[in-house]
1. Short version: ³J(HN,Hα) in whole Hz for each residue of the stretch B:287-301, in order, from phi by Karplus 6.51 cos²θ - 1.76 cosθ + 1.60 (θ = phi - 60°), x for Gly and Pro, what are they?
2. Please report, as a whole percent, how much of the solvent-accessible surface of chain B comes from carbon and sulfur atoms (probe radius 1.4 Å).
3. So which GluC sites (Glu not before Pro) in the stretch C:1-88 end up in coil per DSSP with only 12 or fewer other C-beta atoms within 10 Å?
4. At a Cα cut-off below 13 Å, give the aspartates and glutamates reachable from B:Lys51, other chains included and same-chain residues fewer than 8 away excluded.
5. With a point put 7 Å past each Cα toward its Cβ, work out how far B:Asp174 is from C:Asn101 in nm, to one decimal.
6. I'd like the distance separating the alpha-carbon centroids of the stretch B:120-164 and the stretch B:169-210, in whole Å.
7. To make sure I understand the rule: partners must be lysines, Cα under 18 Å from the Cα of B:Lys185, and not fewer than 8 residues away in the same chain. Which ones qualify?
8. So what is the 222 nm mean residue ellipticity for the protein assembly as shown from helices alone, if each DSSP H run of at least 4 adds -39500 (n - 2.57) and you divide by all residues, rounding to the nearest 500 deg cm²/dmol?
Amino acid sequence: MANITRSPWLLHYDGSSCNGCDIEVLACLTPVYDAERLGVMNTGDPMQADILLVTGGINSQNQDTVKQLYDQMPRPKVVVAVGVCACTGGVFKDCYNILGGADTTIPVDVYVPGCAARPQAIMDGIIKAVGIFQQRSNEYKAQVKEKKKAAKKGAQN
Amino acid sequence: MGKRSVIPFGPQHPVLPEPIHIDLVVEDERVIEAIPSIGFIHRGLEGLVDKRDFNQMTYVVERTCGICSFQHGMGYCEAVEHIFGVDIPDRAKFLRTIWAEIGRMHSHLLWLGLLADGFGFENLFYQCWRVREKVLDLQEMTSGGRLIFSVNKVGGVMKDIPADMLKIILTTMDEVEEELKEMKKTFFNDYSVQSRLKGVGVLTKEQINRLGAVGPFARASGVVSDMRTLGYAAYPMLDFEPIISEDGDCYARCYVRMQELFQSIDLIRQAVAKIPAEGDLAVAIKGNPDGEYFMRVEQPRGEAFYYVKANGKPNLQRMRVRTPTFANVPGLCEMLKNTELADVGLLVLTIDPCISCTER
Amino acid sequence: MGEIRNPENILEVIEADDLLKRSLELTKSGYRFSQACAAFVDGKFELSYSFSDYETYQLHNLRVVIDPATEIPSITEIVPAAVFYENEMKELFGVKIKMINLDYENKLYRIRQEAPMGPQKTEEEN
């Protein structure tokens, strides 16, 4: 766990978005914007991911999928809601099948507004998420240290 | 007979950024049957007609799909204009055509990139998306939005493209054409691309007809069907022939879409040359629509179907979008039968899936 | 210059009993199935089945108007492509359709609400 703090991996899940934000997320990872220079990498496997990018609102069917993906990710983890639909539900808020933004299902750390969210905004969101991720892993490391110390003390006594 | 088992494909899958779930019944490595289950992105935007009036619906309709957003808005507006019985100004027609073709280019480039990614040609994927950014810059320059640019309204368009921007569009078209010619060589002549695409997922003309497939997917099997021939927007004033291929395999679908990119460049050039120098952008719309109309437009993915029914109130009674991908799902299931499991990802890609418009 | 073909859309209002017969006739004469949709208007379902021709671009709509309680037969035996459209009508509007080839039993979109665009909608408003 100690060595991965500087290069978190991204997992992208398309909630019920219109695809606009999804292709902007993809555009972020391709040469013109190139989010990979920030040390993040796109992955398709939730078990190896550290940052979850959710686009689009939550509907009754994908709620379980989003929850499951979130649970499969190892701690510490950060969630970024990309686009106004993932933040609040957006234009589709009044639709009969939309429950609301991503925060109705999982805790969201960074909100990226926009319809569709611009790549620059998404990059900003990713940078913020990397910051939060680093902070969380530091806290986690400190906790582990604390525990080890306590265990040592316990052994000595 | 081998052992039968069921392999789930999706909803979260590396090859597709979007969620679709298909249960694949496989026998050893061969797919026997494919049963799709959709609904991960179902929002129910058709139900919004009760809460939004017919002008506001334009914005909702544009968000059916972020890739062919402009064309969705155009299809809806044309349908409502038909009910009103108004004829929009010529300049607005040409502007719609230019935006529609720019949108088609960005969609096809996106698809070619994803296809390259699908068979593991990362370099080509990045090339396509690099060129696509140029097209997106055009959209941003002319309208202010990269993907979803609400320039349509019932009765015309909201923004004008001034003459200097038209010039920039033409120079960008030249640049993009050069790049495309380079890419075309790789897509059409590269040995590994050919061996991956040729003869995979063949559908015949009869099968296409029976399954009601549309768009480049149908045209790749030799069906001459291009809704632009219906003559909406400025297409009656432009010269084009539907591009078809007879083979019906993945390679043919790639061929059709690649050639359509060149066709779009040609159409944009024609439209820029023929656009009236000045004129109104929209006609005034008075009152509320009353009546019904079935409108068909050709989107990057095929024929989109709009059904609008109104009864003289601001809110429509019914607005129905039948997107091209929804029409292509039966074709996809048929195509998946009797293929190798390893080809499934590629085959799903070749219908140009856009799940958010499939499920609305 | 490419030829422009824009034939007038045909709207044919038929009885529910004639639906299968007419769809069979249309498919036999070379039409492809284009779409099917329902609308809930003034207490009745208006079902539109659209067929179109690849070559002439002719759009032929069959319109069936039925009571919400009436059961209509599925056309999937004749037009396999209609399966998703019929499941959609059944789930979103609550149209009673019998004998669909691949019946998702109202689980196509798996929405919580039952028939959100069907008869209940108007009752709620009143």
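The values are calculated or read from the model by the stated rules, or taken from the named source; none is laboratory data. Just so it is clear, the structure is predicted and the values come from calculations on it, not from any experiment. In this analysis, Cβ positions are derived from the backbone assuming ideal geometry, glycine residues included, and neighbour counts consider all displayed protein chains. Heads up: the accessible areas ignore ligands, DNA and RNA and are worked out on the full protein's heavy atoms, side chains in. Shrake-Rupley method; radii C 1.70, N 1.55, O 1.52, S 1.80 Å.
1. x, 10, x, 9, x, 9, 8, 9, 10, 10, 10, 9, 9, x, 9
2. Roughly 50 percent of what the probe reaches on chain B is carbon or sulfur.
3. When the GluC sites (Glu not before Pro) of the stretch C:1-88 are filtered for loop state and at most 12 Cβ neighbours within 10 Å, C:Glu3, C:Glu8, C:Glu15, C:Glu55 remain.
4. Excluding near neighbours in sequence, the set is A:Asp94, C:Glu125.
5. Result for the modelled spin labels: 5.3 nm.
6. Spelled out, the Cα-based centre of one part sits 21 Å from the other.
7. Once the sequence-local lysines are set aside, what remains near B:Lys185 is B:Lys198.
8. -13000 deg cm²/dmol
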